[in-house]
Amino acid sequence: MRRGAGWLAMLALAGAGALAACGGDEPAADEAAADLGPDTLPASIPAPQVEGGFLTITADRVQEWRDAGEPIVIIDARDQVQYGREHVPDAINVPYVDIRAGANLPPREARIVLYCSDENCPISRYAYESLRALGYTELYDMREGIQGWKEKGYPTVIGEVPSDTTG
């Protein structure tokens, strides 16, 4: 019985912390959120969706981050030809084969959104796994890909060659 009471107390504390992390109006809630530790996400980042071991993100959320000026690096993991045909504005082209080779990569502390053609395309997941193996921790897979981005009515860039990402 005592053991059950301990678990109840822990759940009560965890619940209070979760409420504080969700942005309660009291100053004490903000202080409690700061005490939750390094694994606590900032209020500007909603609880991530996990699908098959990958943190996923929607095109809508990516656009919200862009509109809010959140620091993100959007990586189009498709090849240069596909990127040149059409891509998300401000996305850099780092083809999956380059990621595997460790070429042209953003800083490890960057918040990175990866995408490929559509939700059936595995390239962004391969790129995600490669970056995770290289020590990147803040990775998101935009499963909808460029097709989902376009279906939401968001702008794209057409006919632009990849920029040099080493500079």
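Out of VAL113, VAL62, VAL88, VAL73, report the one residue that is over 13 Å from the mean Cα position of the chain (by Cα) and modelled with pLDDT of 80 or more. Being over 13 Å from the mean Cα position of the chain (by Cα) and modelled with pLDDT of 80 or more holds for just one of VAL113, VAL62, VAL88, VAL73, which is VAL88. Residues in the stretch 62-96 that are assigned to a loop (DSSP other than H, G, I, E, B) and farther than 14 Å from SER117 by Cβ: 7 in all.
Of the numbered criteria (1) at pLDDT 55 or above; (2) under 13 Å from the mean Cα position of the chain (by Cα), the one LEU41 fails is (1). Inspection of the stretch 109-126 finds no residue satisfying the criterion of being out of contact with any strand residue (DSSP E or B) (no Cβ under 7 Å at 6 or more places or on another chain), more than 19 Å from THR56 (Cβ to Cβ) and in contact (Cβ under 8 Å) with a residue 60 or more places away in the chain.
Within the stretch 84-137, being among the polar types (S, T, N, Q) and under 19 Å from PHE54 (Cα atoms) holds for SER117, ASN120, SER124, SER130, THR137.
The values are calculated or read from the model by the stated rules, or taken from the named source; none is laboratory data. The shown structure was predicted, so the numbers you read here are calculated from the model rather than taken from an experiment. Here Cβ is always computed from backbone atoms with ideal geometry, including for glycine, and neighbour counts include all displayed protein chains.
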